[in-house]
Structures are given as structure tokens and as C-alpha cells.
Amino acid sequence: MRVVFLGAPGVGKGTQADRIAAQYQVAKLSTGDLLREAVRNQTALGLEAKRYMDHGKLVPDAVVIGLVKEKLADSSCVNGFVLDGFPRTVPQAEALGSALASKGITLDRVVNFEVSREDIVKRLSGRRSCPKCQATFHIDFAMPKVEGICDRCGESLVQRSDDRRDAIEMRLKVYDEQTAPLVRYYQERGLLFQLDGAGTVDTVFHHLLRELAPYRTT
Ligand code: AP5
């Protein structure tokens with residue numbers, strides 16, 4: 001299974017990518033998670049990326065494309081992958097197409113999550129994340145068993161620096177300008193599946209399972 005999860009910030013891509021990766025035993029590649037890891041480790045790439053991420057702007061294409069190509073070459077992707085948050089620009093989509101073509105493979109499906117702007121703002125402002133294992137929770141919709149503590153690893157949960165109101169507004173603007181054109185891009189290539197992301201996490205997951213089952217490799 002080789003799929004891309006597309007959609008505005010906060011539509012639930014990461015939440016569902018975790019579940020699909022576990023269900024079908026494929027790799028989850030989240031450029032947001034990879035970049036945050038680089039920021040935490042204070043690598044040169046992380047220090048550069050932080051300048052963009054804190055303000056809700058996209059990290060330059062060359063940086064992100066290099067990161068994804070390296071990960072796609074990893075043995076963890078041999079069963080397939082869910083790409084969460086990549087590609088986000090037309091040049092990234094073209095680079096992904098070329099990288100896969102050089103391996104003689106193609107994408108199976110691109111899922112575009114649709115959620116209203118009002119719900120997106122609620123989801124992002126109430127999100128809490130685990131800085132250690134990257135698990136995601138929500139203060140109303142996906143509460144941890146113990147308030148403020150990660151169910152998976154026991155670490156204290158934090159609010160992402162780009163989930164502040166001003167950064168959310170910038171991320172949505174950047175999405176409209178740079179990422180939304182990918183809906184048409186993948187529609188024209190016959191790969192797009194429009195998913196209503198407004199239901200509960202379980203409802204959305206069941207819709208996804210139905211759509212992606214034909215592409216499972218295990
Ligand atoms: P990234 O981490 O990818 O952020 P994003 O795309 O803005 O997506 P989010 O993680 O905010 O949302 P999501 O759709 O994954 O939703 P989630 O499942 O967490 O990127 C961060 C930054 O890194 C970017 O701004 C950019 O700077 C940089 N970057 C990353 N990729 C890049 C690229 N390719 N090129 C350049 N720069 C890049 O859910 C959100 C909340 O809602 C959670 O609290 C969750 O519990 C809750 N929730 C989920 N589903 C539901 C549901 N069905 N009902 C109710 N609540 C729900």
C-alpha cells in the first residue's frame with residue numbers, strides 16, 4: 001500500500017495515518033514529525049526548519065524532499081507507506097512521482113480529508129501531543145486516560161508551538177495558497193479520494209479502511 005494523506009492542518013491526517021500504518025503494517029512517514037524530531041535534536045536541518053515552522057510557514061522544498069527520499073529508501077518502507085503531510089507543494093508532488101518512478105512503483109491512492117474551518121480551529125487549539133513518542137490527543141475529543149499524560153509512554157503532554165491562534169491562521173493561508181492545488185493535481189491523475197473527515201475518529205477510520213482495503217499488502 002502506497003498512499004498519501006492530503007488536507008489542511010488539523011483535519012486528522014496524523015491520527016488516521018497512525019491507525020492505518022498499524023492496521024496494514026506499513027510505514028508512516030510524517031514530514032511534520034521528522035522535522036520536529038530534527039528541531040528537538042537541534043540538528044542544522046532542525047534549526048533551519050524551526051524558523052519556518054514556528055510561524056506556520058512551509059520549510060523549503062529542497063529540505064523536505066531530501067528528507068523524504070532518504071526515508072523512502074529505508075527498509076521500513078518495503079511493505080508500503082502512508083505519507084502524512086507530504087507532498088505539500090506541486091514541486092514536492094513532482095519530486096515524489098520521480099522518486100517512485102525510479103523504483104518502478106507508483107502511488108495507489110491520495111486521500112483528501114475534508115473538514116470545516118470551524119472544526120479545524122477547535123481540533124488544533126485543543127490538541128495535545130507527546131514530545132517523546134509523538135502520540136496525539138485532544139482535550140475534548142481524544143482525552144488521555146490521565147489528564148496531561150501520554151497513554152503510550154507516560155510523558156507529559158505539550159501544546160505544539162504552531163497551534164497558537166496566529167500560527168494556525170498562517171498555516172491555513174499557506175495551505176490554501178500552496179497545498180490546495182494538489183487536490184486538482186491528483187484528481188487529474190485519477191488518484192484522488194475525497195474523504196469526509198468530520199465524523200468521529202472511529203467513523204473516519206472505517207471509511208478509510210473500506211477505501212484502502214484493496215491496496216493492502218499484508
Ligand atoms: P504537520 O505536523 O504536518 O502539521 P499539519 O499538516 O499542519 O497537520 P497537523 O499535524 O496540524 O494536523 P493533522 O491533519 O495531522 O491532524 P491530527 O491528526 O494531528 O506540519 C507542521 C509544520 O511542519 C508545517 O506547518 C511546516 O512548517 C512543516 N512541514 C511539514 N511537512 C512539510 C512539507 N511537506 N513541506 C514543507 N513544510 C512542511 O489531529 C488534530 C487534532 O484533532 C488532534 O488533537 C486529534 O486528536 C483531533 N482529531 C483528529 N481526528 C479527529 C476527529 N475525527 N474528530 C475530532 N477530533 C479529531
Any chance you could look up the accessible area of F137 with a 1.4 Å probe, heavy atoms only, rounded to 10 Å²?
20 Å²
What residues have an amide H closer than 5 Å to that of S30, excluding those fewer than 5 places away on the same chain, when H is modeled at 1.01 Å from N in the peptide plane?
D84
Can you work out the Karplus-derived ³J(HN,Hα) for every residue in the stretch 33-41? Use 6.51 cos²θ - 1.76 cosθ + 1.60 with θ = phi - 60°, whole Hz, and x for glycine or proline.
5, 4, 5, 5, 4, 5, 5, 4, 7
Accessible surface, per residue, of the chain when the full set of protein chains is kept, probe 1.4 Å, Å²:
50 Å²
Separation of the E37 and Y52 label points, Cα + 7 Å toward Cβ, nm
1.8 nm
Which whole-Hz couplings ³J(HN,Hα) result when phi for each residue of the stretch 15-30 is put into the Karplus expression 6.51 cos²θ - 1.76 cosθ + 1.60, θ = phi - 60°, listed in order with x for Gly and Pro?
4, 6, 4, 4, 5, 5, 4, 5, 5, 9, 6, 10, 7, 9, 10, 10
Ranked from the most accessible area to the least, with a 1.4 Å probe and all protein chains present, what is the order of K50, K173?
K173, K50
Going by accessible area, probe 1.4 Å, with all protein chains left in place, what is the ranking of M1, M143, M170, M53, largest first?
M143, M170, M53, M1
Viscosity 0.890 mPa s, temperature 25 °C: what is the translational diffusion coefficient of the stretch 33-138 from Stokes-Einstein with a Kirkwood Rh over Cα pairs, rounded to a whole number of µm²/s?
156 µm²/s
By its C-alpha gyration tensor, with a ≥ b ≥ c as the square roots of the eigenvalues, how is the stretch 162-216 shaped: rounded for a/c under 1.5, else prolate for a/b larger than b/c, else oblate?
oblate
Beta bridges by DSSP in the chain, antiparallel share as percent, to the nearest 5:
25 percent
What is the set of long-range amide H partners of R128 at a cut-off below 5 Å, with H atoms built 1.01 Å from backbone N?
F137, H138, I139
State the percentage of accessible surface on the chain attributable to carbon and sulfur atoms; use a 1.4 Å probe and exclude ligands, DNA and RNA.
50 percent
Take each of the peptides 16-25, 90-99, average the number of other beta-carbon atoms within 10 Å over its residues, and list them starting from the highest.
16-25, 90-99
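Can you classify the stretch 85-218 as rounded, prolate or oblate using the Cα gyration tensor, where a ≥ b ≥ c are the square roots of its eigenvalues, rounded means a/c under 1.5, and otherwise it's prolate if a/b beats b/c and oblate if not?
The shape class here is prolate.
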A correct Karplus calculation of ³J(HN,Hα) over the stretch 115-132, with 6.51 cos²θ - 1.76 cosθ + 1.60, θ = phi - 60°, whole Hz and x for Gly and Pro, returns 9, 5, 4, 4, 5, 4, 4, 4, 5, 6, 6, x, 6, 10, 10, 8, x, 8
At the level of C-alpha centres, the distance separating the stretch 3-64 and the stretch 85-124, in angstrom, is 12 Å
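Pairs of Cα atoms under 8 Å, at least six residues apart: use those to get the relative contact order of the stretch 117-218, whole percent. Before the final figure, lay out the partial values.
Working: 72 pairs, mean separation 18.7, N = 102.
Rounded, it is 18 percent for the stretch 117-218.
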Please list the non-local residues whose amide H lies under 5 Å from the amide H of I149, H modeled 1.01 Å from N, same-chain partners needing a gap of 5 or more.
L157
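The values are calculated or read from the model by the stated rules, or taken from the named source; none is laboratory data. Remember, it's a predicted structure, so these values are computed and weren't measured experimentally. As a convention, Cβ positions derive from the backbone with ideal geometry for all residues, glycine included, and neighbour counts pool all protein chains shown. When the accessible area is computed, the model is the full protein with side chains, heavy atoms only, and any ligands, DNA or RNA have been set aside. Shrake-Rupley method; radii C 1.70, N 1.55, O 1.52, S 1.80 Å.
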